[in-house]
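Data first, discussion second: the structure below is written as structure tokens.
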Amino acid sequence: MRAVIQRVSRSAVVVDGVTVGKIGRGLNVLLGVGQEDTLEDVSYMANKIVNLRIFPDEEGKMNRSLLEIGGEVLVISQFTLYGDARKGRRPSFILAGDPENANILYQKLIEEIKTYGVSVGEGIFQTDMKVSIENDGPVTILLDSKKAF
């Protein structure tokens, strides 16, 4: 799994003119699921997302996690995180997971984040979405579960 995690003041996702997910202070997570991802990747990502110490403490240092600040998460599926543009001009998405399995793992990640007591907003899998992000910092972190093992 790959994720682009952004610390936000607020974030929202709109599908067909309707807001389907929105959060206040917390993390916007753009999530790509790869062909070889499993439930182990889901657990790794959920744990990292809620425990990353990227929120400021009393001294302004990035030393607090989402759990510590009581923040929210907005998770949006984005298969293009598996785009490979090293050759030619059109990215290849051959490493992206098949939609059926990717959706299952996407939903499992949302469920697992909720087990930490975190409020989770979400996009709608395989739809054209408009995402608004008020990046706080800005702080942006890239995670890849396969680089962790």
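Quick look at the values:
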read-out: Any hit, region 134-146, residues being surrounded by 13 or more Cβ atoms within 10 Å (Cβ to Cβ), more than 18 Å from GLU72 (Cβ to Cβ) and acidic (Asp, Glu); value: yes
read-out: Pairs where the first residue, in region 79-97, is in contact (Cβ under 8 Å) with a residue 40 or more places away in the chain and farther than 13 Å from LEU30 by Cβ and the second is hydroxyl-bearing (Ser, Thr, Tyr) and surrounded by 15 or more Cβ atoms within 10 Å (Cβ to Cβ), C-beta under 6 Å, 6+ apart; value: LEU95/TYR82; ALA96/TYR82
read-out: Residue among ARG7, ARG86, ARG90, ARG53 that is outside any loop (DSSP other than H, G, I, E, B) and either over 20 Å from ILE133 (Cβ atoms) or among the charged types (D, E, K, R) (or both); value: ARG7
read-out: Leading residue by the ranking (nearest to the chain's Cα centre (by Cα)) among those in region 12-37 that are over 30 Å from ILE94 (Cα atoms) and not β-branched (Val, Ile, Thr); value: GLY26
read-out: Single residue of region 116-149 satisfying the filter (hydroxyl-bearing (Ser, Thr, Tyr) and closer than 17 Å to ASN51 by Cβ) that is modelled with the lowest pLDDT; value: SER145
read-out: Residue, farthest from the chain's Cα centre (by Cα), within region 94-149, restricted to residues that are among the acidic types (Asp, Glu) and not in a loop (DSSP other than H, G, I, E, B); value: GLU100
read-out: Scope region 1-49; condition small (Gly, Ala, Ser) and surrounded by fewer than 16 Cβ atoms within 10 Å (Cβ to Cβ); matching residues; value: SER9, GLY17, GLY24, SER43
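Yes/no matrix, rows are residues, columns are (1) out of contact with any strand residue (DSSP E or B) (no Cβ under 8 Å at 6 or more places or on another chain); (2) in a strand (DSSP E or B):
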position	(1), (2)
ALA3	no, yes
LEU27	no, yes
ASP37	yes, no
GLU58	yes, no
LEU67	yes, no
ILE76	no, yes
LEU81	no, no
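The values are calculated or read from the model by the stated rules, or taken from the named source; none is laboratory data. Since the structure is predicted, the reported quantities are computational estimates derived from the model, not experimental observations. Ideal geometry is used to build each Cβ from the backbone, glycine not excepted, and the neighbour counts take in all protein chains shown.
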